[in-house]
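Report on one structure; see the data block that follows.
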Amino acid sequence: MAVLDVDRLLEQAAQAAGLTDFGDLPFREGLEVLLWGMEHESGHAPEILPHLTGGIEALLVKRLRLVEDRKRYPAIMAEKITAPIIVLGLPRTGSTHLHGLLAGGPQIRTPLQWEMSEPSPPPSHDSFTNDPRIAKVQTELDARPNAAVLMKIHPFGATRPEQCIGLLDWSFMNAAAVAPQRMPAYLEWFLAADHRTAYEHHRRMLQHLQWRNPGQWVLKWPKHVFSLEALLSTYPDARIVWTHRDPGTVLPSVANFVGSIRKLTSPVYDPTRFGAEWTSLEEIGLLRAMAARDCMADESRFYDLHYNDLMADPVGAVTSIYHHFGMQLTSEYLDRVAAFQTNNPQDKHGRHDYAPEQYGLNTERLRDRFGFYIKRFGVEPDHKRGAGA
């Protein structure tokens, strides 16, 4: 008998939430593959496995409550998600910083960590800055065993704009699921899956968050590169900002970021093997996104932003994005962009120190391997290694 049983987890979540309807969107297959990978591939001893499912049960409870909210407040289903700006590309390319810069725009709405973690009941504009869920989520973030290390690499906070993980996680079709553990079966399933299902989850969550607190969405998630066609099928009027940076810098940096999570959660973690694993994953994502982009007739929906340009002139970068997409800028907003840059310098939370060799990587070999990407987008070498992401 399996140690990790899907039906048992569903029953536990239903008891915890006091609800039984998991909704009409498919999710069970992904959950089954995830649990199989945890049991058979992660390296954890059988007696440990039942203690590792708390996060999964929490996502199932989140799902139950979202479905209940949608039934209780039918107006959520009428919400239209119009022309979102979506930032994607390799990780560690300045996308987090750009997300923060764009968040201050007029009528802009970015998903915050607290509302994605605790979305039920739907957040309200009137209590958005003092909702008690903010303190709860911040306490949870601060309590993580590697919180100080992660803050140096990727700043987290309950009220910070956060990437789309929390919009997709309840679908159980999520590239982030392979960060804590090595689970080839789940990764293979994820790469072959129909991602339109995941993006319908994504869209419904945005409807949920937008219902009582509307705005123009600016979203960010590097892993959208794996499913660009499904993303644009769900949001055909989306405006895509693709961030670029030297792979010789990016890949060791992301290996260190995700590796700092993996080494705490996997009993079979080896940094060299992990470096090879994650580099291959990022390569697949780039190749898939480039192939999908080649099939699209309208290049104007894309704006390519290079890390060096963003860091040299953040105001100019934001201005160029707005002009490219025909959006209106105000001087007040540009002042906020400049203030955000001043208040959020690189290495604000400490320097992100790492060496490529820790992960079996070599800068020049990475540049050769990713030459297809460097040549396509004219990516310049990154001679100043930093923490920007």
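Observations on the model:
- Inter-label distance for ARG376 and TYR73, nm, one decimal - labels placed 7 Å from Cα along Cα-to-Cβ: 4.0
- Within-12-Å neighbourhood charge of ARG262 [Cβ basis; K, R +1; D, E -1]: +1
- For the pair GLU41 and ALA58, label points projected 7 Å from Cα toward Cβ lie 2.4 nm apart.
- Each label was represented as a point 7 Å from its Cα along the Cα-to-Cβ direction; for ALA291 and GLU29 these points are 1.9 nm apart.
- For the options GLN138, GLN15, GLN163, a Gaussian network treatment of the chain with springs between C-alpha atoms closer than 10 Å singles out GLN15 as fluctuating the most.
- Around the amide H of VAL87, modelled in the peptide plane, lie the amide H atoms of LEU219, LYS220, TRP221, VAL241, all under 5 Å away and 5 or more residues distant in sequence or on another chain.
- Here is the list for segment 9-70: GluC sites (Glu not before Pro) lying in DSSP coil, each with at most 11 other C-beta atoms within 10 angstrom of its C-beta, are GLU47.
- Most positive-pole-ward Cα, PRO345, ALA179, GLY18, against dipole of the chain from beta carbon charges: PRO345
- Here is the tail figure for segment 82-377: Cα pairs spaced more than 35 Å apart come to 14 percent of all pairs.
- Checking every one of the trypsin sites (Lys or Arg not before Pro) in segment 19-123 against DSSP loop status and a limit of 11 other Cβ atoms within 10 Å picks out LYS80.
- Applying a threshold of 23 Å to the alpha-carbon distances of LYS136/LYS263; LYS80/LYS136; LYS223/LYS263 flags LYS136/LYS263; LYS80/LYS136 as lying beyond it.
- For segment 105-235, a crude dipole built from +1 on the beta carbon of Lys and Arg and -1 on the beta carbon of Asp and Glu, taken about the Cα centre, is about 200 debye to the nearest 20.
FYI, it's all coordinate maths here, none of it is from the lab. Note that the structure is a prediction, hence the values are computed from the model and not measured. As a convention, Cβ positions derive from the backbone with ideal geometry for all residues, glycine included, and neighbour counts pool all protein chains shown.
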